[in-house]
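Below you'll find the structure, written out as structure tokens, and then a few comments.
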Amino acid sequence: MVTGATGFVGRRLVGSLLAAGDDVHAVVRRPDHRLGCPVTVAEDPLDATACGDAARDFRAEVVVNLLAAGVDPTDRDPERLVAANVLFPARLARAAAAAGAKAFVHLGSSAEYAPGPEGERLDEAAPIESERLYGSTKAAGTLLARSVGEASFLPTAVLRAFNMFGAGEKPHRLFPAVAGKLSRGEPVDLSAGTQVRDFLSVEDACAAIRRMAAALLAGDARPGIYNLASGVPLTVAAFVAQLAEILAADPALLRYGVLPMRPDEIPTVVGATDRLDAAIGPALQTDLRTALTVAIDQLNLERAHHVDA
């Protein structure tokens, strides 16, 4: 059973699970979901009891929580972030255990880590965020979900996602924003692009989530926290340059240095992947050029569907 199933990652995960032959049930807020699987419509998506009832009715073996608030940087209401990111994962873990689920997977975020030494990969033991609202609430939710899972004898894994990209992202995100402008021949105002990030396609991320769920069920992976990352450092400038090359766009459209760096910009955010690699194998399965090409094709399809609609 998947919560947050209509979001960017949720839609891809449901599709990935269905393609693999899994029985999938989703909890959604609206009936017009078009997910291709049975759903429970919940008026309040943060009602963990209703989600637990759905898990019991569906006889879910694994509950995957993708629901979160604050992914959009303009969404910073403290009460909303605490309710969605801190309290709901723990309540859902408890409800999943009571419903008879055998494993719980929660999607965390690299924002849970405090800024580390420049140039170093973040491992799962790195200090967690305590000042930024989104990161600190996600970190608190991870700790609570893990502790409730442990207390409920429910094997629980948290996958801290780094920079996932793909079709279906919010328009303000790097991939859709840059790809959209380049495809229209418009200039793209950028910062210097020296930020080093860890990019992973959403398809590879969803495949890793599925492998982790299967490994928890089989007892082949230990409960705990894992970085869902490529482990490959890449500057933002190199990422968008690759996009421009695939789209055959004029490199002069990429206007580096026009935008200032954000005051809270972190120079390097790259994950250490040793723990995940040992548990289920590397999350990174697709080279960047292939992953970007696939994502662009999917983005074009989505735009075509939108125009037809």
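Side notes on the structure shown:
- Residue ID - farthest from the chain's Cα centre (by Cα), chosen from residues in region 254-279 that are at pLDDT 95 or above, among the aliphatic types (A, V, I, L, M) and open to solvent by 30 Å² or more (accessible area, probe 1.4 Å): VAL258
- Options ALA139, ALA103: the member that is aliphatic (A, V, I, L, M), within 18 Å of the chain's Cα centre (by Cα) and surrounded by 24 or more Cβ atoms within 10 Å (Cβ to Cβ): ALA139
- Only residues that are outside any loop (DSSP other than H, G, I, E, B), in contact (Cβ under 8 Å) with a residue 60 or more places away in the chain and farther than 15 Å from ALA161 by Cβ were counted in region 260-290, giving 4.
- Of the residues in region 107-127, none is crowded, with 17+ Cβ neighbours inside 10 Å and over 27 Å from LEU234 (Cα atoms).
- Qualifying residue in region 261-284 (condition: farther than 24 Å from PRO73 by Cβ and in contact with a Pro (Cβ under 7 Å, 6 or more places away or on another chain)): yes
- With respect to (1) open to solvent by less than 70 Å² (accessible area, probe 1.4 Å); (2) closer than 14 Å to VAL2 by Cα, the lone exception for ASP72 is condition (2).
- Index of the failed condition, ASN65 passing every other in (1) among the polar types (S, T, N, Q); (2) closer than 18 Å to ALA139 by Cα; (3) open to solvent by 40 Å² or more (accessible area, probe 1.4 Å): (3)
- Search result, residues across region 280-290 that are open to solvent by less than 50 Å² (accessible area, probe 1.4 Å) and within 30 Å of ALA244 (Cβ to Cβ): ALA283, THR286, LEU288
- With respect to (1) surrounded by fewer than 17 Cβ atoms within 10 Å (Cβ to Cβ); (2) among the small types (Gly, Ala, Ser); (3) over 14 Å from LEU87 (Cα atoms), the lone exception for SER147 is condition (3).
- Identity of the residue in region 150-167, surrounded by 20 or more Cβ atoms within 10 Å (Cβ to Cβ) and not in a strand (DSSP E or B), that ends up modelled with the lowest pLDDT: ALA167
- Selection within region 194-216 - in a strand (DSSP E or B) and either open to solvent by less than 20 Å² (accessible area, probe 1.4 Å) or hydrophobic (A, V, I, L, M, F, W, C) (or both): VAL196, ASP198, PHE199, LEU200, SER201
- Considering each residue of region 178-193 in turn, none proves to be in contact (Cβ under 8 Å) with a residue 12 or more places away in the chain, within 29 Å of ILE280 (Cα to Cα) and either in a helix (DSSP H, G or I) or open to solvent by 20 Å² or more (accessible area, probe 1.4 Å) (or both).
- Boolean, THR293 is among the hydroxyl-bearing types (Ser, Thr, Tyr) and either touching a residue at least 60 places away in the same chain (Cβ under 8 Å) or loosely packed, with under 15 Cβ neighbours inside 10 Å (or both): no
- Positions within region 217-253 being part of a helix (DSSP H, G or I) and open to solvent by less than 10 Å² (accessible area, probe 1.4 Å), in sequence order: PHE239, VAL240, LEU243, ALA244
- LEU17 vs. criteria buried (at least 19 other Cβ atoms within 10 Å of the Cβ) and in contact with a Lys or Arg (Cβ under 7 Å, 6 or more places away or on another chain): yes
- Those strands (runs of 3 or more DSSP E) lying entirely in region 1-97 with at least 1 residues of a type in the set (A, V, I, L, M) and in contact with a Leu (Cβ under 6 Å, 6 or more places away or on another chain): 26-28
- When the test is whether a residue is over 23 Å from SER109 (Cα atoms), under 21 Å from the mean Cα position of the chain (by Cα) and of a type outside the set (D, E, K, R), GLY36 passes it.
The values are calculated or read from the model by the stated rules, or taken from the named source; none is laboratory data. Predicted model only: the values in this text are computed from it and were never measured. In this analysis, Cβ positions are derived from the backbone assuming ideal geometry, glycine residues included, and neighbour counts consider all displayed protein chains. Side chains are part of the model used for accessible areas, which takes the heavy atoms of the whole protein and leaves out ligands, DNA and RNA. Shrake-Rupley method; radii C 1.70, N 1.55, O 1.52, S 1.80 Å.
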